[in-house]
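The structure appears right after this line, and notes come after that.
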Amino acid sequence: NFSEVLKQSNQLSKVSPDGKYMATCVQYRLMVRDINTLQIVHLYSCMDQVMHMEWSADSLFILCAMYKRGLVQVWSLEQPDWHCKIDEGSIGLVSSRWSPDGRHILNTTEFHLRITVWSLCTKSVSYIKYPKACQKGMDFTSDGRYMALAERRECKDYISVFVCDDWHLLRHFESETQDLAGLEWSPNGCVLAVWDSCLEYKMLLYSLDGRLLSSYSAYEWSLGIKSVTWSPSSQFLVIGSYDEKVRILNHITWKKITEFEHPGTISNSKAVVFKEMEKSAVVGRDDLSIHQLTVGNSLFSTQSKYEITQLPTQVPVIKPDLDRANPKIGISAMAFSADNRYLATKNDNMPQSLWVWDMQRLSLLAVLEQTAPVRCFNWDPCRPRLALCTGNTRVYLWSPAGCVSVNVPVEGSFQVQSLFWHCSGNSLILLSKEQLCLCYMDSDDKK
Amino acid sequence: MGDWWTAAMMPDPAHDTKDLSSISGISMSPCRQNSPPSLHSSMALPRTSYSVLSAFCTEDNVSQCIVYINQEVCSLGLSGVGLECVSDGPSAVPLLNVLYEVLQLQKRSQRALQELENQQLKTSSDLEHLQHSNSRLKDQLEHTRRENSGLHEGERRLQLKIKTLQNCLKSEKDEVQKLQSIISSRATQYNHDTKRKERECTKLKERLNQLLMDKRDKKLAIEVSNYVGRSDGKRGLWKTGKMEARHEGEMYKALLGDYESRQRSLMLENSELKKVLQHMKKDMISILSPKKARVKTEPTDDSLERVGSEGEEEAADSSRETLEQACEQAREQLTNSIRLQWRRLKSHMERLDSQASLVACQEREGEDQMSRREQEDEIQRMRLEVQQCKEFIHVQQQLLQQQLSSPCDDETAALLNDCYTLEEKERLKEEWRLFDEQKKNFEKERKNFTEAAIRLGHERKAFEDDRAAWLKTQFLNMTPFVDRKRPALPEAECALSASTEPEAKIQSTPPLLTKSQSYRAFSTPRAAPVKMPSTADLYRSLRLIPESRGHGRRQSGETVRSRLRNGSVDCSVFSLVRDENSPI
């Protein structure tokens, strides 16, 4: 149930939001394929190698950014001969993105000098000055009505809330941060989470109208917040920090409900530890010579399977260099399953392990211990199913029922660098350095 | 005597003190050392006096000698008077007296000397000992002194160290303070710098922006082949105050919506909790009310609690009403009443627990002993019983063994035979019962057969009638008056059938009367030749029964032993037969 291998470059491959098409960039070409047949529907040529590509929210347009040239090209799916080219000129371009309505393009210029808002409807241009260069300085609400933008002027952090319809500035207020690092809307679009840079553990929660609802700080004098995620129901705000803990805030009092530790020794008897065991394919000495010619590649392939290890068990931990900037320690990635039930986390100094937590019991459910560092993990958008890759030729799937590893049956080596789900949850798009491959899920036999 | 002692010792002191160790030597050989100055030591005098007496005293100088001795004796403190008065010749008596006294004196002095010598020895040894200990102590003293000095030295050194360390600490503290101040100053500096840099940066950005704006960057452009409609299909609107107000309104609407939904969910949750609370309250009241009744009967309980419970119930009622109001007062009341009830419940439970444990303890103590004794008795009894049974079995076994080993034993054989006959009787009874059953079955069959025979008879009659009719018709057909005879035919038939019926009755009676008669009798009747084979078959298959029955009857009169073996076989045959019969 794997498709043939397709080419791509820069890992630029995205499925349209409506799930019908898949756009892929190969050098300067942009190919749009039907997701079912994988036949090329449209083929566009850009002016240079594409650095960034993005679908508009209504799946009608594709934006291709060429940062080196400061160019953005937009293609239409409905009218293949329609085109649009935006040139940012000598000021340069570092980031380009769609507004949620799919009719405006927001370009961030070099040095974060300003954000240019181009309208495809009226050709009009508007500028937003003083954007802050930070981890996540801009966020749209999930309904696409409001945009929050972090700004820096007079050495102080400000937050601007815009109405996306006409880029009207709705609110502008100073945030109580030393050095704002990021902001994120809650999925229901009413609360804005703002956090300070890693030098200080500070989480601020603002209402849509700019009132400070609450602030939270777990500790002082140590490296603070590393990652922040909302639960899809807006019920929980989870904060991963450099002290290797995940703290969960509730949405009513904004106080901590619980915290998840990531200890080096797992002794929680309720948790299941899946350990990936690699076994090289055993070939007898006699038929080695015969097989060597015929089998060739598969001779060196290894088999892998999961084994449930006895508790308590040790998780491999690497010792990070704490003197260097951005030490490899702490919770760097967290993701909720679509049904709010599970939370997957990754601790940077335990790169081979992925932790899955049960949000109903607020306890550790499973730990996946891989043989290689986890590169990427994603939840199925429809089912409680987690896919992850470790940069080898296998895809790993976790569900509450258990754990499987699937080898990508492809000629040559296909090293899965990243992966993402199709919005229906029926297929998984695997990306290697230069190739991509679709993995179709049969919901029956994969259970 | 004391004078003498002193005089004798007078020259010695210097000698004694000069060399203490020589004392022992003196005592061992006093004559050798003391002989030259014989005058000095009076002790040596008596021993040597006899040998030198000739030289000292001759015939001529007796008187002088006597005088001299007198003087000497006097100087010794003795009464030398006796010697003076004997002028003409030396009388022996005073001389001997003197001599005796001198000897006594000498002996005494000797003893004293001995004692003194001993004392001397003792003291010298004591002295030696003391000297030894003294020297040892001196050594010790020296040692401790040295140690002390060493310790002093160490202390001094340590103190020095402390001093240096304290200095170090002070300097370190100073340094830390300095560093802290440096850090803080650096931090402020850094902050200042960053702010300055940031300001510069913003200034630069501003300038850059300005420049870019001024320059009217030619490249900065958008090329669109044609405009695209808005996603919502509406036209863009002008920015006006109205718009602003609308945006505000929308924002507040969104916020309000969120708050409302949140409130709704909270209300839901609250109502759920209230329900639970109500339920709990009801339960609590129901649990507590019987207890209250009992409390009233118990005089030991204080009235305070009772009052509390009553008041509480009221509170509960009132709170139930006020629950709906959901105001502050109600909440307070509610929590208060719950708390009260809870406390009461807890105390009640505790009391119950303690009571239960007390009672249980008492009961257990009593019961334990009782039950244990009973159990033991029971076990004893059972054991006895088992023992008896075992013995019984053993005896039986023995008997059996004996019987088997000696079958010639008449008495036992007879006894056993009796047993067997009893058994046989039982078995026979059983068989008799079976036979009876069989008989009944046979009877039933016989009835069936007779019925079948009757039916056959009927059929045959009918057939014969038919034949007669047919013959008649044939005959009549042959005769010229066929037409006239036809209507009379039914009547003839009736007449024929009536005549056959009594015959059938006669046929059916004999088997009933002759029970003992064999079934072969049935085959004899004048059955229709066409139907014969089927009935014959039936008989053949059923013939088994009378045979076995006869066999059983015959055997009943036979000996017991053979019956034993055949009984089971017969039974099985019967059961087989019965199975076969049942369908009929």
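Rule-based calculations on the coordinates, nothing more; no lab input. If you're wondering where the values come from, they're calculated on a predicted model, not measured in any experiment. Using ideal geometry, Cβ is built from the backbone for each residue, glycine included, and neighbour counts are taken over all protein chains shown.
Legend: translational diffusion of the stretch A:303-434 by Stokes-Einstein, Rh = Kirkwood radius over C-alpha pairs, 10 °C, 1.306 mPa s; D = 102 µm²/s. By the Kirkwood approach, averaging reciprocal distances over each pair of separate Cα atoms, chain A gets a hydrodynamic radius of 23.8 Å. Note on the stretch A:105-144: with charges restricted to the Cβ of Lys and Arg (+1) and Asp and Glu (-1), its dipole about the Cα centre is near 160 debye.
When ranked by the protection proxy of mean other Cβ atoms within 10 Å per residue, highest first, what sequence do the peptides B:460-469, A:64-73 form? Walk me through the intermediate numbers first.
Numbers: B:460-469: 15.0, A:64-73: 21.1.
Packing proxy ranking, top to bottom: A:64-73, B:460-469.
Positive contributions from Lys and Arg (+1) and negative ones from Asp and Glu (-1), summed over other residues with Cβ under 13 Å from the Cβ of A:Ser234, come out at -2. Legend: residue pairs A:Lys319/A:Lys346; A:Lys136/A:Lys245; A:Lys7/A:Lys433; B:Lys282/B:Lys346; A:Lys226/A:Lys346, Cα-Cα distance threshold 19 Å; pairs beyond threshold, A:Lys136/A:Lys245. Across peptide A:82-91, the mean count of Cβ atoms from other chains lying within 10 Å of each residue's own Cβ comes to 6.
Could you work out which residue, out of A:Arg385, A:Arg375, A:Arg324, moves most in a Gaussian network model of chain A, that is, has the largest mean-square fluctuation with Cα springs under 10 Å? Looking only at A:Arg385, A:Arg375, A:Arg324, the largest GNM fluctuation is found for A:Arg324. Give me a single rounded figure for A:164-177: the average over its residues of other chain Cβ atoms within 10 Å of their Cβ. Per-residue shielding by partner chains comes out at 2. Going from the residue with the fewest nearby Cβ atoms within 10 Å to the one with the most, B:Leu352, A:Leu343 rank B:Leu352, A:Leu343.
Pairs of alpha-carbon atoms within less than 8 angstrom and 6+ residues apart define the contacts here; what relative contact order does the stretch A:1-42 have, in percent? Please report the intermediate quantities before stating the final value.
Values: 56 pairs, mean separation 11.1, N = 42.
Relative contact order, the stretch A:1-42: 26 percent.
Around A:Leu212, with a cut-off of 14 angstrom between Cβ atoms, what is the net charge of the other residues, counting Lys and Arg +1 and Asp and Glu -1?
Computed value for this residue: -2.
Cross-link check: pairs A:Lys305/A:Lys328; A:Lys275/A:Lys305; A:Lys132/B:Lys203 evaluated at a Cα-Cα cut-off of 18 Å; pairs beyond the cut-off: A:Lys305/A:Lys328. Where in the stretch A:37-73 does the amide nitrogen come within less than 18 Å of the point 7 Å from the Cα of A:Lys123, taken along Cα to Cβ? Residues A:72-73 qualify, since their backbone N sits under 18 Å from the label point.
Note on the stretch A:185-276: Rg/Rh from Cα positions, Kirkwood definition for Rh, rounded to two decimals, is 1.03. Calculated mean residue ellipticity, 222 nm, chain A: -500 deg cm²/dmol, from DSSP H runs (n ≥ 4) at -39500 (n - 2.57) each, averaged per residue and rounded to 500. For A:Cys423, the shell of other residues with beta-carbons less than 13 Å away shows a net charge of +1, using +1 for Lys and Arg and -1 for Asp and Glu. For peptide B:246-255, the mean count of partner chain Cβ atoms within 10 Å of a residue's Cβ comes to 5.
As a rough footprinting exposure proxy, the listed residues B:Cys419, B:Cys74 were ranked by other beta carbons within 10 Å of their own, and the order from fewest upward is B:Cys419, B:Cys74.
Please say if the stretch A:1-49 is rounded, prolate or oblate, where rounded means a/c under 1.5 for a ≥ b ≥ c the square roots of the C-alpha gyration tensor eigenvalues, and otherwise the choice is prolate for a/b larger than b/c and oblate otherwise?
Prolate, since a/c reaches 1.5 and a/b exceeds b/c.
Taking amide H positions as modeled 1.01 Å from N, with prolines and chain starts lacking one, the residues under 5 Å from A:Gly391 and 5 or more places away or on another chain are A:Arg375, A:Val416. Look at the Cα gyration tensor of the stretch A:153-200: its axes a ≥ b ≥ c give a/c of at least 1.5 with a/b at or below b/c, and that counts as oblate.
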